[in-house]
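Notes follow once the structure below has been shown.
The values are calculated or read from the model by the stated rules, or taken from the named source; none is laboratory data. Computed from a predicted model, the values in this text were never measured in an experiment. Note: ideal-geometry Cβ built from the backbone for every residue, glycine included; neighbour counts use all protein chains shown.
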Amino acid sequence: MREARRERAMTTPIVLRPIGVVRSSLKSVEDAPRFYTEDAPPAVLEIHPRYRRALLGLRAGMELIVITWLHRARRDLLTTYPRGDRSRPRRGVFLTRSPSRPNPLGLHRCQVLEVGKKGIWIRAIEVIDGTPIVDLKRVVEVADDS
């Protein structure tokens with residue numbers, strides 16, 4: 001019985017619905033830095049109207065983890081050269097920040113600059129314009145009431 005449940009859990013499709021998109025000056029993957037601290041530009045997290053109530057309490061200065069779907073990434077690669085550097089040994093994609101992976105989820109730590117009616121202005125993010133946003137999580141350093 002347990003084995004059957006475990007097998008179903010491994011094969012059940014997971015459905016994700018974007019809650020918004022990133023609006024950025026980065027228009028191509030080639031233009032995107034590899035990490036947000038490497039001159040990534042500010043951007044707007046444009047949140048779909050049906051999810052805007054979920055921003056209640058969000059304010060400037062907070063930090064978020066933005067979870068994105070890296071829609072232009074390859075999903076068939078399991079190994080890569082870290083940072084595209086062929087002089088380094090190959091690694092499994094699970095040990096790298098490569099966007100190419102079986103499920104191309106991106107995790108991006110961002111500081112909120114402003115919260116508006118349609119979205120969130122953030123300091124920097126290393127993804128291209130139009131990247132779907134899957135979820136937002138507030139950065140918490142210690143347990144609190146959230």
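Tabulated values for the structure
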{"quantity": "Evaluation of His71 against (1) more than 15 Å from the chain's Cα centre (by Cα); (2) surrounded by 12 or more Cβ atoms within 10 Å (Cβ to Cβ) (one fails), failing number", "calculated": "(1)"}
{"quantity": "Pairs with Cβ under 8 Å, 6+ apart, first in segment 124-140 and without any contact (Cβ under 8 Å) to a residue 60 or more places away in the chain, second assigned to a loop (DSSP other than H, G, I, E, B) and surrounded by fewer than 24 Cβ atoms within 10 Å (Cβ to Cβ)", "calculated": "Val140/Ser146"}
{"quantity": "Condition check for Glu114: assigned to a strand (DSSP E or B), in contact (Cβ under 8 Å) with a residue 12 or more places away in the chain and among the charged types (D, E, K, R)", "calculated": "yes"}
{"quantity": "Pairs with Cβ under 7 Å, 6+ apart, first in segment 52-75 and under 17 Å from His108 (Cα atoms), second at pLDDT below 95 and polar (S, T, N, Q)", "calculated": "Ala73/Ser100"}
{"quantity": "Answer from Pro99, Pro132 - the residue that is buried (at least 16 other Cβ atoms within 10 Å of the Cβ), at pLDDT below 90 and closer than 30 Å to Gly61 by Cβ", "calculated": "Pro99"}
{"quantity": "Flag if Glu30 is under 29 Å from Val142 (Cα atoms), surrounded by fewer than 17 Cβ atoms within 10 Å (Cβ to Cβ) and acidic (Asp, Glu)", "calculated": "no"}
{"quantity": "Qualifying residue in segment 2-15 (condition: of a type in the set (D, E, K, R) and touching a residue at least 24 places away in the same chain (Cβ under 8 Å))", "calculated": "no"}
{"quantity": "Matching residues, segment 79-89, being surrounded by 13 or more Cβ atoms within 10 Å (Cβ to Cβ) and not β-branched (Val, Ile, Thr)", "calculated": "Tyr81, Pro82"}
